[in-house]
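K.L.:
For reference, the structure I am asking about is given below.
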Amino acid sequence: MTTIDAPLARQFLHRLHASVNTHDPDALAALCCEDVTWEDPAAPYTLRGHDAVLHFHRDVMFQALPDVHVELLDEPYLSLDGTNVAARLCIRGTMQHVSAFWARARRSSCNSPS
């Protein structure tokens, strides 16, 4: 198993957010291993596997938020054992398609550091 350090986490998050900000689900999914477990409060369930991540972003998120933009608010948070990373984000976009998926979402706001 690869140990994650701060430079690796920053590089990964930069590539991940660039793929979201350019609305490229294929590039986003290419960053994931085949057996990825993707926990995202915007998803209606935990996404398991590369294809689930691709489907969610291509067919749900980028359709509902065609102008979505992700901004990293803090440095990445690394687990003590170096196997996990978490990030505090601001996700902005204009919702175009409301579905049962989005009906459970709560309104939230985020403030960017000045």
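K.L.:
Non-local amide H neighbours of Val36 (under 5 Å, H modeled in plane, Pro and chain starts lacking H): which ones?
P.N.:
Amide H neighbours of Val36, under 5 Å, 5+ apart: Gly49, His50.
K.L.:
Okay, moving on. I'm checking a number: the convex hull volume of the Cα atoms of the stretch 6-103, normalised per residue, in Å³. What is it? Could the numbers behind the result be given before it?
P.N.:
Numbers: hull volume 9.6 nm³, N = 98.
Each residue corresponds to 98 Å³ of Cα convex hull volume.
K.L.:
Relative to the compact globular guide of 2.2 N^0.38 Å, what is the alpha carbon radius of gyration of the stretch 2-45, as a ratio?
P.N.:
1.23
K.L.:
A further question follows. Cys90: net charge of surrounding residues, Cβ under 12 Å, Lys/Arg +1, Asp/Glu -1, itself excluded?
P.N.:
Local net charge: 0.
K.L.:
Which ³J(HN,Hα) values, rounded to whole Hz and listed in residue order, are derived for the stretch 2-12 from phi using the Karplus coefficients 6.51, -1.76 and 1.60 in 6.51 cos²θ - 1.76 cosθ + 1.60 with θ = phi - 60°, glycine and proline given as x?
P.N.:
For the stretch 2-12, the Karplus-derived couplings read 6, 8, 9, 10, 4, x, 5, 4, 4, 4, 4 Hz, x marking Gly and Pro.
K.L.:
Continuing with the same structure: In whole Hz, with x marking every Gly and Pro, tabulate ³J(HN,Hα) for the stretch 60-76 from phi via Karplus 6.51 cos²θ - 1.76 cosθ + 1.60, θ = phi - 60°.
P.N.:
3J(HN,Hα) across the stretch 60-76, in whole Hz: 10, 5, 6, 7, 6, 10, x, 10, 4, 9, 10, 10, 6, 8, 9, 5, x.
K.L.:
Here's a follow-up. Need the C-alpha centroid separation for the stretch 14-46 versus the stretch 73-90, integer Å.
P.N.:
16
K.L.:
In addition: What does the charge count near Phe62 come to, summing +1 for each Lys or Arg and -1 for each Asp or Glu among other residues with Cβ under 15 Å from its Cβ?
P.N.:
Net of charged neighbours comes to -3.
Just so you know, all these numbers are worked out from the coordinates, no wet-lab data involved. Owing to the predicted nature of the structure, the values given are computational and were not obtained by experimental measurement. Backbone-built Cβ (ideal geometry, glycine too); neighbour counts: all protein chains shown.
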